[in-house]
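A quick write-up on the structure given underneath.
The values are calculated or read from the model by the stated rules, or taken from the named source; none is laboratory data. Because the structure is a prediction, the values reported are computed rather than measured. Cβ sites come from the backbone with ideal geometry, for glycine too, and all protein chains shown count toward neighbours. Heavy atoms of the whole protein, side chains included, go into the accessibility calculation; ligands, DNA and RNA do not. Shrake-Rupley method; radii C 1.70, N 1.55, O 1.52, S 1.80 Å.
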Amino acid sequence: MTDKIDELLRRVEAFRPKAAAELEEFRVRVLGRKGELNALMEEFKRVAPEYKRELGQRINGLKTAATERINALKEQLQQSCADEGLAIGDMTRPGTAEGIGSRHPISLVRNQIVGIFSRLGYTVADGPEIEDDWHVFSALNFPPEHPARDMQDTFFIMRNPDVLLRTHTSSIQVRTMERQRPPIRVICPGRVFRNEAISARAHCIFHQVEGLFIDEGVSFADLKQSILYFAKELFGEQATIRLRPSYFPFTEPSAEVDVSCNLCGGKGCNVCKGTGWLEIMGCGMVDPNVLEANGIDPKRYSGFAFGMGVERIAMLKYGVRDLRLYFENDVRFLHQFDAAL
Ligand code: PHE
């Protein structure tokens, strides 16, 4: 009987099935009710008591080894079927549906803004988020005592005044002027960082799109026309703009741009606080000091720059009241933008 047990054990170990059906047939033949193992059990009942102990152990060992081996083979076969892309089991069952993701509203609006300026001939430029003083402030004509250079407003890294997180993507414009001669026409989307308390209207991380256009004979009228085109493309043909005088160290003259409120059509509502206008961006003619600092002759070339916050534009376009919603990743909020392209 020992020989029979050993022989079966060898066969189990040597068995290499090619298909699941072959394995199943083998399992029934060995472990099934009328299988070889049970036949051995029957025989075991009749052995003399002095052999029972040893033979019993051998049969139990065989049973465990055969069960484990067959289970392992089953798993192997399933794995190789899955590798070949074949479904095991009922092939007519419907598949599991994949949840389809959607673009984040900030990406959608950024893509829209970039798309509009691409059609005006702007190309996209990129730059680092960790910057130095020159690219964020000095090259942009910020006076040494300007408050933006203060710890309260800018995130410095390791308290080093020359390693900081960019507070605007104007730094990309500086990097563009370094490597490219006019004509320059770039759009600079990116994340920016400011040391501000988080509220419904402000966040310490947000997104900007800034633009720069430098060539011979570029005038304020060109700036105004480009922004009017942009506003109509983004908010609709009925949109109008107005410019209010403002101040930025890197532009002279500077202006802030308002667009007619797209929610009330300019009549006045609680979003535009009854004024009929919504502020959308800052802009101006590039200060000659900035051109000079970047090696561009201000007597020959002039240009304009503009910059806007993507969260703000998205709030105005979609009537979002709290900026924090963009950062919470609540899918109930995000899925509302599935259809917006
Ligand atoms: N850099 C300015 C800001 O971050 C925006 C701006 C860009 C204003 C270009 C004028 C011209 O607020």
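Can you name every residue in the range 272-297 that is open to solvent by 40 Å² or more (accessible area, probe 1.4 Å), of a type outside the set (S, T, N, Q) and away from the ligand (no atom under 14 Å from the Cβ)? Break it down stepwise before answering.
Taking the range 272-297 first, the residues open to solvent by 40 Å² or more (accessible area, probe 1.4 Å) are 273-275, 277, 279, 288-289, 292-293, 295, 297.
Going one step further and asking which of them are of a type outside the set (S, T, N, Q), we end up with 273-274, 277, 279, 288, 292-293, 295, 297.
Once the filter is applied, which keeps residues that are open to solvent by 40 Å² or more (accessible area, probe 1.4 Å), of a type outside the set (S, T, N, Q) and away from the ligand (no atom under 14 Å from the Cβ), the range 272-297 yields Lys273, Gly274, Trp277, Pro288, Glu292, Ala293, Gly295, Asp297.
Kindly establish whether Ala197 is surrounded by fewer than 17 Cβ atoms within 10 Å (Cβ to Cβ), away from the ligand (no atom under 16 Å from the Cβ) and closer than 27 Å to Leu323 by Cα.
Numbers: surrounded by fewer than 17 Cβ atoms within 10 Å (Cβ to Cβ): yes; away from the ligand (no atom under 16 Å from the Cβ): yes; closer than 27 Å to Leu323 by Cα: yes.
When the stated conditions are applied, Ala197 passes them.
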How about the range 134-160: which of its residues are within 16 Å of the ligand (Cβ to nearest atom), open to solvent by 60 Å² or more (accessible area, probe 1.4 Å) and of a type in the set (D, E, K, R)? Asp150, Asp153
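Do the conditions hold for Gly303, that is, is it open to solvent by less than 30 Å² (accessible area, probe 1.4 Å) and within 31 Å of the chain's Cα centre (by Cα)? Explain how you work it out, then say what you get.
Details: open to solvent by less than 30 Å² (accessible area, probe 1.4 Å): yes; within 31 Å of the chain's Cα centre (by Cα): no.
No, not satisfied.
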Any hit, the range 317-340, residues being open to solvent by 50 Å² or more (accessible area, probe 1.4 Å), within 16 Å of the ligand (Cβ to nearest atom) and in a helix (DSSP H, G or I): no
Do you know which residues across the range 161-175 are within 13 Å of the ligand (Cβ to nearest atom) and assigned to a helix (DSSP H, G or I)? Ser170, Ser171, Ile172, Gln173, Val174
Somewhere in the range 237-244, is a residue modelled with pLDDT of 95 or more, under 30 Å from Arg179 (Cβ atoms) and touching a strand residue (DSSP E or B) at 6+ places or on another chain (Cβ under 8 Å)? no
Give the number of residues within the range 238-262 that are surrounded by 15 or more Cβ atoms within 10 Å (Cβ to Cβ) and away from the ligand (no atom under 11 Å from the Cβ). 8
Between Thr176, Thr169, which is surrounded by 14 or more Cβ atoms within 10 Å (Cβ to Cβ) and either under 17 Å from Ser302 (Cβ atoms) or not assigned by TED's automatic domain parsing to the domain that holds Phe230 (or both)? Thr176
Positions within the range 101-120 being open to solvent by 40 Å² or more (accessible area, probe 1.4 Å) and either among the polar types (S, T, N, Q) or in a loop (DSSP other than H, G, I, E, B) (or both), in sequence order: Gly101, Ser102, Arg103, His104, Asn111, Ser118, Leu120
